[in-house]
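Quick note: the coordinates plus some simple rules give every number you see, no bench work behind them. Only a predicted model underlies this, so the values are computations on that prediction, with no experimental measurement involved. All Cβ positions, even for glycine, are placed from backbone atoms using ideal geometry, and neighbour counts span all protein chains on display.
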Amino acid sequence: MKPQLILALVVVAIVAGGIGYSAGSLAAPPPKTVTQTVTTTVGGATVTLTTTVTQPPRTVTTTVTAPPTTVTVTKPPEKIKVAFVYVGPIGDYGWTHAHDVGRRYIESQFKDRVETYYVESVEEPKVYDVLKKLVNEGYKVIFTTSFGFMDGTLQAAKEFPNVIFFHCSGYERWSNLGTYFADLYQLYYLNGLMAGALTKSGKVGYVAAHPIPEVVRHIDAFALGVKEVNPKAKVHVVWIHAWYDPAKARAAAESLIAQGVDVLAFTEDSPAVIEVAQEYYKRGTPVYAFAHYSPMLKFGPDVVVSGQLVRWESIYVDIISKIITGVYNTTNLRNVDYWWLLSENAVELGGDFGVPINPKFITPLKNFKVKEKISGTEISVYDLVMMRLKQMSEPRPSFDPFCAVNEPIISQDGKVLVRPGECLGHEALWSIMSFVDNVVGSIPAGSS
Amino acid sequence: MGVNQTTFFMKPHGDENNYILSVTGVSKFFGSITALRGVDLNIRVGEIHALLGENGAGKTTLVNILYGLYRPDAGSIKVFGNEVRINSPKDAISYGIVLVQQHPMLIDKMTVSENLSIGLRSLGYLKSPNSVKEVIKEYSIRYGISVDPDITVSNLSFSERQEVELVRALMLNAQLLMLDEPTTMLTSYERKKLFSVLRKLKDEGKSVLLITHKVMEATEISDWITVLRKGEVTASRPTNKYTLDELVKLVVSDAGVFNGVRSVKFDYNVVKSQSPEVLSIKDLIVVNDVGGVAVRGFSLAVKSGEIIGIAGVSGNGQKELSEAIAGLRKVVDGRIVICGQDLTNKGPKDRVKAGLAYIPEERLKYGVVGDMSVAENYILKSYGQYSGFGLINMRKVIEDVNESIESFNIITRGPLEKVKALSGGNIQKLIVARELRSNPKVILAHNPTLGLDLRSAALVRELFLKAKADGAGILLISEDLDEVITLSDKIAVMYKGSITYEINKNEASRDVLERAMLGLLNV
Amino acid sequence: MFEIRILRRYEITNKLKSSIYVASFITGILIFALIEVIYGANPYDVMSKLFVKPLTSYADLQITIRYAVPIGIMALGLTLTYKSGIYSIGSEGQMAVGAIFAAWTAYAFNYIEPPTSIVIALLAGALGGLLWALVPGILKGLLNVNEVLTTLMFNFIAYSLTDYLIYGPWRSPRAYGFPLTEPIPKSYVILPTDGIPVINISTFILSVFLMYAIIKKSVFGYQVRAYGSNPTAAKSAGISFLKVALLCLAISGAFAGLAGALQLTSVHNRLGPKSWSVTEGLGYTAIVSAWLARLEPWFVLPSAILLGALINGGLTIKAVLGQPEGVVNIMNGVILLSIIAADFFINYRFVIKVRE
């Protein structure tokens, strides 16, 4: 074929495409607001939202004699286009999967009001470009679900003031950018209580991802739980410097076991640690473990005691409801920061949904008696866990692991972290970077 | 695929005087350059046909057309009177036309039989290494080819590689063997051996097309000579119908310039004893690539205005010696002094600065950068002179190059043509032009006229004599005994890494030197 | 009977060559359109969003530019080293160190105002990349240590250096313990002029001219080309290998460092962990760009834009068309392979013969 002919074909193709594109992007009719009632069920509680919006008076100037009229129009509402930007694939069975469960939940709960969409496996530095494309496609509410998306989301929020953004796990906010997070530290504390009761060697292990406040906070909460029932036991920490690396997690778990550890908790997005524990159990060396983030009971039915589970849908339902009702708009999100815990039903105790403690372990936990630190009465660890779970699940929790009761909480280097009668607040927990005194290991600075 | 060549040749029809190949009116143009115009060529069965011409006369273009590498712009090709289209070497082979490559593509780490087996298989001729061995044995009896099928190719000399290539051609059932400048890299003994093989092939009824620029060679072996000059055939008749003078005139386009090498008029004034030494080599020891001692205790001095020739059978340390002098090979022991400076352990750059010009043997490897242009190669050793503010003044370079292209008669499409597109002789002219232009004090030349046509060789030799008259000292390492005898003031024979025999120009004879080269004479 | 034969081409005109490239590219797009049809998408919709929109929508074009500029600048540096026969894959690490140097400049001299601040940040970035490339350069030039290994190792060391800084001394006290540095001062942030990233684009274009001059016009470029195509001849002409190796790696390092500084000041504005770092792996993409451009500085312009467009297209496939990551890989593969396949048609031709 002659080059000129090819060139002509390309030009024709481009021109045709351009015309088609312009034709397709002719503006859609403007949205109308309406009277609307939304009823939804969230984790057992029924939320009813009612909004009535009347259109402003419209002046008709074509006829002099006609009086001004007020028109109220009721018609099916426009669906809000909601997009989710994920860092991993939805099939990761961990972080992204948990968020996608939340997305599907709001899609089913708000069928008539929202339509959802997701973009998976977005590389973190490229999030701004993805957001630009989503805004261009007409998405009005966008959730970005990785800490690394923070700067890009903030930049997009500033550039597109008519779009609502929510960023998970970050701290940067703007008038149209809110933040949210469901934290697991209370569950780690409860896991710690059980670990302290189950360890025979007095050595409890923790396979840790990255040395950032979130992980440090979880290690501390876990260690506080261990200490409460077993003051002599120590928590040994090994860093693997990865969120997802089954091979490293496995190696770390095995090295901890070699040091005499017989109970393991971890922060890593695979069931590798649990599989190691199950293997040791099968070989006749019982090692117990706590599931992390997703239902992992099935990977170690003999060794998973309990674990930490998340219910992002609680937060998503709350945010979407408030957007639909107009509570949240593009101007008032500067101080909207979700920090949801047990009392908001955003997290759940257990190795699987509905199984707070593996029945296999109920008897040993019931047989392990300790002195409750506030009342001083003797109580089994099983009852202690259930009591604490209830206390922390109340709308106004009557217990928090980071509140020092009679004795101060001491850090590894001997400093007082929390004085008796005081608690660590959200801000302090959010940026905590020191270990409590029964942790063995250090927080590395300057390596990853 | 393809025609079964055996049956094809069994039934020749349309026989015109039994021509195995008949080329009529073939023309080939490269842009505005005419490479061939209206060329006719007829080769009979059982004939050794010489295609004679200078570098750049169009010989290689014609071969490439016959071998399907280029397509002719006009004209026809007939095989036994049948018009054929040759689109690829595979086509050519299917008609029984095989080119014996000048630089055989062989895999160094494999044995001869493995190489042949692979090479044939890729062309659809299934042959196992064992059957190849059988064939080689048969050929060694029939034609006197003496390659060991089990030897690794890296151990073969150039002429042995050529024999391997010849065997390959015969195994492909070649009826017409084309050899492009086959004797360029051969010693006189090897050349004689090759010619005897060719004669035996001819006796078996095969045809040979010998492409050469050497008049003597053409008259020595061929039955018929076709002379090509500037892309056109100037004569084509049986060899015995030419006289030598006539042939030379037919080959050289501007015969007036050419007077024969020996008649160049120059002062052979004896070097004055007080002339300064420009190159002095003392007790030099150099090892070759595999760690063997190649140069052992070599000492020599070259004075200004003197040419010292080093004769010897190749492989006696000449390559390592020249590389050591040029600074490309580490010296184990001894000293190299150029113009009073001890440069034994200095790199090539310092030697160039001290006034050394180097005309290497393997010109494509050491002499030029094939992918760069004529102009860029021209300044390879003097780019500093053409630079200002770190940039190269290409305009000035091209001016100078054009001058040299003209005065050295370098045949090229222009200063921006890539060097690898030039013929071997023209590359050598370019190298000589480059090396001599800075008026060097010492010229190290290794086989400087190898592969050059008569006129180019004469020009190079003339330039050496001119440089000598200007006071340069020249170390001429050459396998061409006539050249050494003609040019040198003193001749040294190198045998097994050191000088075994020395003789003055007036006393030298071919006979004596040849014996010395074989190690039969000592100082 | 038909017989198809593949024959080697010995001559080819430039016109035919370029039309083969264009035709291959278009074939690649058509093959991808066909795959989209099989996938069940509307090919017209896909093609208009992938190939027409980036030309008609300015916002979309910007995304292409944001990737094309750093890829192109690094590819230019690599063009030089590859021409010398040195196969550096170290742009990624040099880019990271360039960003570190630029960041240090920004923190240390936060009182300097633009445009001086921007200029020194970019120069510091170039210096950083240069120094980072120098070690493999010295090892190669003096000891002939394989540069592929050393430059790759230095990429990892550069990541670790960044990690050391963000987890250690440069960790921002206001980032709640997260491994982030402080944002660089406002005076060091390159903002687009009227929405056009003028500084980025002009830096790229200037780099093209600069590299063209280095390779084609300068004495050093001459030495590099001679060395790259025939080291033996270059050596016997007295060209120093140490000089060629050292300078080539240093210059390509400087280009990569410049790209890093540019990305830091115009896109990322601070250093963070590897997964969302300044480099984004673009240092490796630049290798593709350099080879795609056949090591010709001018051709880096289209090759970098093509690779930027492919990254952009990948985001479009995921974010706009809602297709999975796999489709992105198919698009990259099909289009790049088609362009590479052009070489086959440049070197060979098909002859169809009819036989009885």
Item to check | Viscosity 1.002 mPa s, 20 °C: Kirkwood-radius Stokes-Einstein D of the stretch B:111-232 over Cα pairs, µm²/s | outcome: 140 µm²/s
Checklist entry - Other chains' Cβ within 10 Å of B:361-371 residues: what's the mean? => result 4
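Could you tell me what percent of the DSSP beta bridges with both partners in the protein assembly as shown are antiparallel, to the nearest 5? The partial results should precede the final answer.
Numbers: 76 of 152 bridges.
For the protein assembly as shown, the DSSP antiparallel bridge percentage is about 50.
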Item to check | Helix B:112-121 vs. chain B, principal-axis angle (Cα, 0 to 90°, nearest 10) | outcome: 50 degrees
Checklist entry - What is the Cα centroid distance between the stretch B:366-381 and the stretch A:347-411, reported in whole angstrom? => result 84 Å
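Quick one: compute a quarter of the convex hull surface over the Cα atoms of the stretch A:98-203 and quote it in nm².
Values: hull surface 37.2 nm².
Reported value for the Cα convex hull: 9.3 nm².
Pairs B:78/B:137; A:79/C:186; A:248/C:186; B:230/B:319; B:330/B:365: which are spaced more than 30 Å apart, C-alpha to C-alpha?
Values: B:78/B:137 34 Å; A:79/C:186 40 Å; A:248/C:186 40 Å; B:230/B:319 35 Å; B:330/B:365 18 Å.
Pairs exceeding the cut-off: B:78/B:137; A:79/C:186; A:248/C:186; B:230/B:319.
How much of the calculated P(r) for the stretch C:194-267 lies past 16 Å, in percent of all Cα pairs? Each step should come with its number before you reach the end.
Working: 1556 of 2701 pairs.
Within the stretch C:194-267, distances greater than 16 Å cover 58 percent of Cα pairs.
Summing -39500 (n - 2.57) over the DSSP H runs of n ≥ 4 in chain B and dividing by its residue number, what mean residue ellipticity at 222 nm do you reach, to the nearest 500 deg cm²/dmol? Before the final figure, lay out each step's value.
Details: 17 runs with 169 residues, N = 523.
Result for chain B, helices only: -9500 deg cm²/dmol.
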Checklist entry - Hey, which lysines would be in cross-link range of residue B:241, C-alpha to C-alpha under 21 Å, not counting anything within fewer than 8 residues on its own chain? => result B:202, B:214, B:249
Checklist entry - Around residue B:162, with a cut-off of 12 angstrom between Cβ atoms, what is the net charge of the other residues, counting Lys and Arg +1 and Asp and Glu -1? => result -2
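Given +1 on the Cβ of Lys and Arg, -1 on the Cβ of Asp and Glu, and no further charges, what dipole in debye does the stretch C:42-322 carry about its Cα centre, rounded to the nearest 20? Show your work: numbers first, answer last.
Working: 17 positive and 10 negative charges, 84 e Å.
With Lys and Arg at +1 and Asp and Glu at -1, about 400 debye.
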Checklist entry - So for chain B, what are the equivalent ellipsoid semi-axes in whole Å, largest first, each being the square root of 5 times an eigenvalue of the Cα gyration tensor? => result 41, 27, 22
Checklist entry - Once the other residues with Cβ under 9 Å from the Cβ of residue C:316 are scored (Lys, Arg +1; Asp, Glu -1), what is the net sum? => result +3
Checklist entry - Got a sec? Charge dipole of the protein assembly as shown, +1 on Cβ for Lys and Arg, -1 for Asp and Glu; which of C:90, A:338, A:384 is way out at the positive end? => result C:90
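Given all pairs of different Cα atoms, what value in angstroms does the Kirkwood hydrodynamic radius of the protein assembly as shown take?
Kirkwood radius, the protein assembly as shown: 38.0 Å.
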Item to check | Reachable lysines from residue A:371, criterion Cα separation under 24 angstrom, eight or more residues apart if same chain | outcome: A:200, A:203, A:227, A:232, A:234, A:360, A:390
Checklist entry - Using modelled backbone amide H atoms (1.01 Å from N, in-plane), which distant-in-sequence or interchain residues come within less than 5 Å of residue B:358's amide H? => result B:444
Checklist entry - So which cysteines in the protein assembly as shown don't have a second cysteine's C-beta under 4.7 Å from them? => result A:168, B:339, C:248
Next on the checklist: Using each residue's phi in the stretch C:190-201, evaluate 6.51 cos²θ - 1.76 cosθ + 1.60 at θ = phi - 60° and report the 3J(HN,Hα) Karplus result to the nearest Hz, with x for Gly and Pro.
Outcome noted: 8, 9, x, 8, 6, x, 9, x, 4, 5, 4, 5
Next on the checklist: Below 14 Å, Cα to Cα, which aspartates and glutamates can residue B:192 reach? Residues fewer than 8 away in the same chain don't count.
Outcome noted: B:160, B:163, B:217, B:220
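Mind pulling the per residue volume of the convex hull built on the Cα atoms of chain C? Å³ is fine. Each step should come with its number before you reach the end.
Details: hull volume 62.5 nm³, N = 356.
So the per-residue Cα hull volume is 176 Å³.
If you take the Cα Rg of the stretch C:77-200 and divide it by 2.2 N^0.38 Å, with N the number of residues, what do you get?
Numbers: Rg = 16.7 Å, N = 124, 2.2 N^0.38 = 13.7 Å.
Dividing the Cα Rg of the stretch C:77-200 by 2.2 N^0.38 Å gives 1.21.
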Next on the checklist: To make sure I understand, if each residue's beta carbon is the centre and we count other beta carbons within 10 Å, what order do B:397, C:198 fall in, fewest to most?
Outcome noted: C:198, B:397
Checklist entry - In the neighborhood of residue A:243, defined by Cβ-to-Cβ distances under 14 Å, what is the net charge if each Lys or Arg adds +1 and each Asp or Glu adds -1? => result -4
Item to check | Inter-centroid distance (Cα atoms) of the stretch C:311-335 relative to the stretch C:170-191, Å | outcome: 32 Å
Next on the checklist: Students often check this: by mean Cβ neighbours within 10 Å, which of B:310-322, B:406-418 ranks highest, and how do the rest follow?
Outcome noted: B:310-322, B:406-418
Checklist entry - What is the Å³ per residue value for the convex hull set by the Cα atoms of the stretch C:177-233? => result 175 Å³
Item to check | Nonlocal amide H pairs with residue B:392, under 5 Å, H built at 1.01 Å | outcome: C:218, C:219
Item to check | CD proxy at 222 nm, helix term only [per DSSP H run n ≥ 4: -39500 (n - 2.57); per residue of chain C; nearest 500] | outcome: -22500 deg cm²/dmol
Checklist outcome for this item: Cα extents of the stretch B:367-428 along the principal axes, largest first, in whole Å, come to 35, 22, 16
